[in-house]
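Chemist: Here's a structure for you.
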Amino acid sequence: MHYSVMKEESLKSLQLVPGLTVVDCTVNRAGHALEIAKQIGESGTLIIFDLDLQALNFSKEILENLQTCPKIIAIHSNYRNINTELQKVEIVKVDRIFADLGLSSQEIDESGRGFTFQKDEPIHMTFQSEIDDKTFTAKDLLNNLDAKSLQNIFENYGDEKKAYKIANAIVKYRAETGEITTTTELVKIIESVVKRSGKSHPATKIFQAIRIAVNDEYDGIKELINDGHEILNTGGVMSIITFHSGEDRIVKNLFNDLNKKNNFKTKPSQSEIKENKRSRSAMLRTIIKI
């Protein structure tokens with residue numbers, strides 16, 4: 001079951017009232033969206049985005065079964081396309097924008113797309129649920145980039161201190177053994193050059209870095225914030241939950257550039273962190289458009 005991080009804080013930050021037009025950019029299993037829908041009511045409009053078609057359809061069905069269901073518009077696309085996708089459904093302005101940038105429990109534990117180093121799965125790491133030969137995946141990245149490019153990804157997106165060693169071990173493995181196709185293969189390569197010390201597994205930062213690179217997450221966040229702020233009504237609110245320093249830095253800096261006085265940050269409560277360890281690195285940032 002997916003645990004929606006900072007649900008109460010998120011709802012409070014959005015300042016919801018009946019009749020609003022709200023965009024949930026990362027609907028997943030409707031954890032936040034369900035409560036948003038209840039608060040904006042039948043007179044409201046809730047637009048939900050997700051690249052995972054199964055998750056999108058699941059959420060749409062749940063939301064439409066509410067007794068006081070707002071108008072639901074489901075969009076199978078990346079949130080970075082917020083402006084163009086809303087134009088397609090003839091929506092020019094919105095009142096609230098929400099995004100939870102964390103991976104869901106289903107994506108980690110059940111998707112089979114290689115987001116976790118704790119299972120033996122095909123190494124895809126794409127948010128898209130429908131994968132074909134044209135889909136860019138972690139397999140493409142790992143088997144085609146040179147050592148220097150891999151090192152840059154590991155350093156820039158994972159703050160990995162052993163990036164040089166791991167990148168060269170990957171290239172050596174390719175030359176001697178062949179393509180890397182599974183998470184288990186990648187973990188063994190990492191463990192061959194980096195020994196575990198402390199609580200964190202040596203593959204943690206590498207998996208994060210590869211996922212960010214495969215999904216072009218940082219540029220996607222920038223596009224969401226810039227385009228989203230543009231289509232917000234005056235007095236509109238944008239709230240974003242981040243889970244690591246790289247993405248939080250982007251949100252913080254862009255929010256400051258847009259409006260330094262009217263943006264706020266909130267951390268999860270200690271009780272939530274105790275109940276759900278995945279929330280310990282979460283940060284909720286909110287900006288109000290003036």
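Chemist: Checking the a/c ratio against 1.5 first, then a/b against b/c, what shape does the Cα gyration tensor give for segment 139-290?
Modeler: Prolate, since a/c reaches 1.5 and a/b exceeds b/c.
Chemist: Amide H neighbours of Arg29 under 5 Å, counting only residues 5+ apart in sequence or on other chains, H built in-plane at 1.01 Å?
Modeler: For Arg29, no residues qualify.
Chemist: Computing the accessible area with a 1.4 Å probe over protein heavy atoms, can you report the carbon and sulfur percentage for the chain?
Modeler: For the chain, the apolar C and S fraction of the accessible surface comes to 47 percent.
Chemist: Could you give the accessible area per residue of the chain, probe 1.4 Å, as a whole number in Å²? The partial results should precede the final answer.
Modeler: Details: 14250 Å² over 290 residues.
Accessible area per residue: 49 Å².
Chemist: Report, ordered by chain and residue number, the lysines lying within cross-link reach of Lys7, taken as a straight Cα distance under 21 Å and ignoring same-chain residues fewer than 8 apart.
Modeler: Lys38, Lys60, Lys252, Lys265, Lys267, Lys274, Lys277
Chemist: To continue, here is another question. Keeping all protein chains in position, work out how much accessible area Ser4 exposes to a 1.4 Å probe, and write it in Å² to the nearest 10.
Modeler: 20
Chemist: Could you size up the charge dipole of the chain around its Cα centre, putting +1 on the beta carbon of Lys and Arg and -1 on that of Asp and Glu, and report it in debye to the nearest 20?
Modeler: Details: 39 positive and 41 negative charges, 266 e Å.
Dipole of the chain, to the nearest 20 debye: 1280 debye.
Chemist: What lysines could a cross-link reach from Lys165, if we take a straight Cα to Cα line under 16 Å and drop same-chain neighbours fewer than 8 places away?
Modeler: Lys148, Lys188, Lys195, Lys205
Chemist: Counting pairs of alpha carbon atoms under 8 Å apart in space and at least six apart in sequence, what relative contact order in percent does the chain give? Write out the running numbers ahead of the final one.
Modeler: Numbers: 501 pairs, mean separation 55.8, N = 290.
Averaging sequence separation for qualifying contacts and normalising by length gives 19 percent for the chain.
The values are calculated or read from the model by the stated rules, or taken from the named source; none is laboratory data. Predicted model only: the values in this text are computed from it and were never measured. We place every Cβ from the backbone using ideal geometry, glycine too, and count neighbours over all the protein chains shown. For accessibility, only protein heavy atoms count, side chains too; no ligands or nucleic acids. Shrake-Rupley method; radii C 1.70, N 1.55, O 1.52, S 1.80 Å.
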